Amino acid sequence: MYFMRLEKTILKFYISTMQENLPSSKIIYMRRTGKYGSENYKLMDTFKKWIQENDLYNEDTVIYAIPMDNPEIVDPFQCRYDVCIKQPTIYKFAPNQIQCRELEGGKYLTFLIPHTAEAIQTAWKMCFFELQKLGYLLDKSRPIMERYSRPLVDRHYCELCIPIQ
């Protein structure tokens, strides 16, 4: 009996799930194009420093990391990766620093996961199987997003938001 409980614990990569409807919103973002990997972490660090320097990092800050392309379909060196926050009501940024666009909303299944590189990698590997197991269908028209809300990150958690039909 102990072995079976341990096995289930190992297979469950998330703490909890919730279905939510995210509204469309205007965002400001930084983008890099290239193979996903360690350069994405560098972009996240650059973006965090930038939002701190521009007084946009506070207790309500939510950062999204969005791989825009599937490297199984798009040449990995052409894959786009965005890090973003909701557009502040008043801002004056040079276009070479930051870009603006609309982030499409919709239904998501959100997995709460530990905020570690290993947990995030495991979540990416297992989320599609778990989505199917839970009876949801992936909406391939919208990107999957990693969500880092400051209150959760301060407690060492983050979220993986999977678009569903």
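The values are calculated or read from the model by the stated rules, or taken from the named source; none is laboratory data. Not measured: the values here are computed from a predicted model. A quick note on method: Cβ atoms are made from the backbone with ideal geometry, for glycine too, and the neighbour counts reach across all protein chains shown. These area figures cover heavy atoms from the full protein model, side chains too; ligands, DNA and RNA do not enter into them. Shrake-Rupley method; radii C 1.70, N 1.55, O 1.52, S 1.80 Å.
Could you tell me the distance between the Cα centroids of region 84-137 and region 9-63, to the nearest Å?
Centre-to-centre distance over Cα atoms comes out at 6 Å.
What aspartates and glutamates does LYS35 reach when the alpha-carbon gap must be under 15 Å and sequence neighbours fewer than 8 apart in one chain are set aside?
ASP69, GLU72, ASP75, ASP82
For GLU72 and GLN132, what does the FRET efficiency come to when R0 = 30 Å and r is the distance between their Cβ atoms, rounded to the nearest 0.05?
Values: r = 17 Å, r/R0 = 0.57.
Taking R0 as 30 Å, the efficiency between GLU72 and GLN132 is 0.95.
Rounded, prolate or oblate: which fits region 100-161 when a ≥ b ≥ c are the square roots of the eigenvalues of the alpha-carbon gyration tensor, with rounded for a/c under 1.5 and prolate only if a/b beats b/c?
Details: a/c = 2.06, a/b = 1.14, b/c = 1.81.
Oblate is the answer for region 100-161, as a/c is 1.5 or above yet b/c matches or exceeds a/b.
Specify whether the C-alpha gyration tensor of region 11-107 places it in the rounded, prolate or oblate class, a ≥ b ≥ c being the square roots of the eigenvalues: rounded for a/c under 1.5, otherwise prolate if a/b is larger than b/c and oblate if not.
oblate
Over region 14-88, give the accessible area per residue in Å² for a 1.4 Å probe, as an integer.
For region 14-88, the per-residue accessible area is 58 Å².
How charged is the neighbourhood of PRO76? Take every other residue with its Cβ under 15 Å from the Cβ of PRO76, and add Lys/Arg as +1 and Asp/Glu as -1.
Once all neighbours under 15 Å are counted, the net charge is -1.
Can you return the lysines within cross-link range of LYS92? Criterion is Cα-Cα under 18 Å, with same-chain partners fewer than 8 residues away left out.
Within reach: LYS26, LYS48, LYS49.
I need two numbers for the chain: Rg to one decimal and Dmax as a whole number, Cα atoms only, in Å.
Gyration radius and largest Cα-Cα distance of the chain: 16.6, 61 Å.
Per-residue accessible area for SER141 at 1.4 Å probe radius, Å² rounded to 10?
90 Å²
How much net charge surrounds ASN58 when only the other residues with a Cβ under 14 Å from the Cβ of ASN58 are counted, with Lys and Arg +1 and Asp and Glu -1?
Net local charge, ASN58 excluded: -2.
Tell me the accessible surface of PHE93 in square angstrom (1.4 angstrom probe, heavy atoms of protein chains only), to the nearest ten.
40 Å²
Can you give the extra length, in nm with one decimal, that the chain gains between GLU39 and TYR57 once fully stretched, where that is 0.36 nm per residue apart less the Cα-Cα distance?
4.3 nm
Just to confirm a number: summing +1 for Lys and Arg and -1 for Asp and Glu over residues other than PHE93 whose beta-carbon lies under 15 angstrom from that of PHE93, what do you get? Walk me through the numbers on the way to the answer.
Numbers: positive: LYS26, ARG31, LYS49, LYS86, LYS92, ARG101; negative: GLU53, ASP55.
Counting the neighbours of PHE93, the net charge comes to +4.
Let me check against my output: what whole-number percent is the relative contact order of region 5-91, with C-alpha pairs under 8 Å and at least 6 apart?
40 percent
Restricting to Cα pairs below 8 Å that are 6+ residues apart, what does the relative contact order work out to for the chain? Please round to a whole percent.
Once divided by the residue count of the chain, the mean separation gives 32 percent.
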